[in-house]
Structures are given as structure tokens and as C-alpha cells.
Amino acid sequence: MISEEDKLVLGLQLPTDPRWAGLAEESLEEILIDHAYCEQKAASSCISLIITYPEHTDIVETLTPIVKEEWSHFEKVLSELRKRNMPLGRPRKDEYVYQLNTSVFKKGGSRQDQLIERLLMNALIEARS
């Protein structure tokens, strides 16, 4: 469990769930690998939106710095893996994202509808993480 002092230093608003802390202690490598891929997927998703909807200059301008930020986070996690002599490994299938893709969001519709669906999905994924 993270102490009150550590919460202040780290700027955390809530205590760390002890179940998560236990998982981190058991397999830091899996957590780092998963985190690296989450950052990579966030950057890739933004790039995909920029490429698919370049006519939406407001979206391009908003997402461009996010790509840089997410990729920077990816590089930081890779650095942590290297420090620990851990390979990047393979990504795991994200069941939450899979269920969103197959169950929640509609396919087809106008180009504008598709953009809205993708933005909503990305917002849900980011909010959950």
C-alpha cells in the first residue's frame, strides 16, 4: 500500500487498490509490458484518426501533441523495461476494447457518424485507463 507521504509526493488523489499493488509485486514485467502497449495503442489511435480525417483540422491540431505525449510515455516504459533487462514481449488481447468494438459501437453510417463512434470509443478507453 502506498503511504500518505508517497501519495503527496506522487500527487495521487486516492490510495492504490491493494489488489493492484499485489499484482504489480507478482509480475511487474507483465504490468510494464501492458502499459507500454497501452501507450503505443493510444498514439497509434490518434495517428489513425489524423490520417483518416485530415479535413478536420481541429482534430488534427488537438491530436498531434497527444501523439507526441503518448509516444513519449511509450519510450519511458521501454526505458524502464530495459533497465530491468525485460523484453517488450507480445501484447495481450484487451477484452474491454474487444467488447467495445463488437458489442457497443455501431458499424457503418456516414463518415461523420464513424468519426463520432471512434472518438467516443477512444474517450471510453482513455477514461478507463
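The values are calculated or read from the model by the stated rules, or taken from the named source; none is laboratory data. This one's a predicted model, so the numbers in the text were calculated from it and none came from an experiment. We place every Cβ from the backbone using ideal geometry, glycine too, and count neighbours over all the protein chains shown.
Reported count of residues in the stretch 93-113, each being surrounded by fewer than 10 Cβ atoms within 10 Å (Cβ to Cβ), over 19 Å from the mean Cα position of the chain (by Cα) and not in a helix (DSSP H, G or I), is 4. Inclusion of L81 among residues that are in a helix (DSSP H, G or I), under 18 Å from the mean Cα position of the chain (by Cα) and at pLDDT 90 or above is warranted. Considering the conditions (1) in a helix (DSSP H, G or I); (2) in contact with a helix residue (DSSP H, G or I) (Cβ under 7 Å, 6 or more places away or on another chain), I116 is excluded by exactly one of them, (2). Within the stretch 74-92, not a single residue is touching a Phe, Trp or Tyr at 6+ places or on another chain (Cβ under 6 Å) and surrounded by 14 or more Cβ atoms within 10 Å (Cβ to Cβ).
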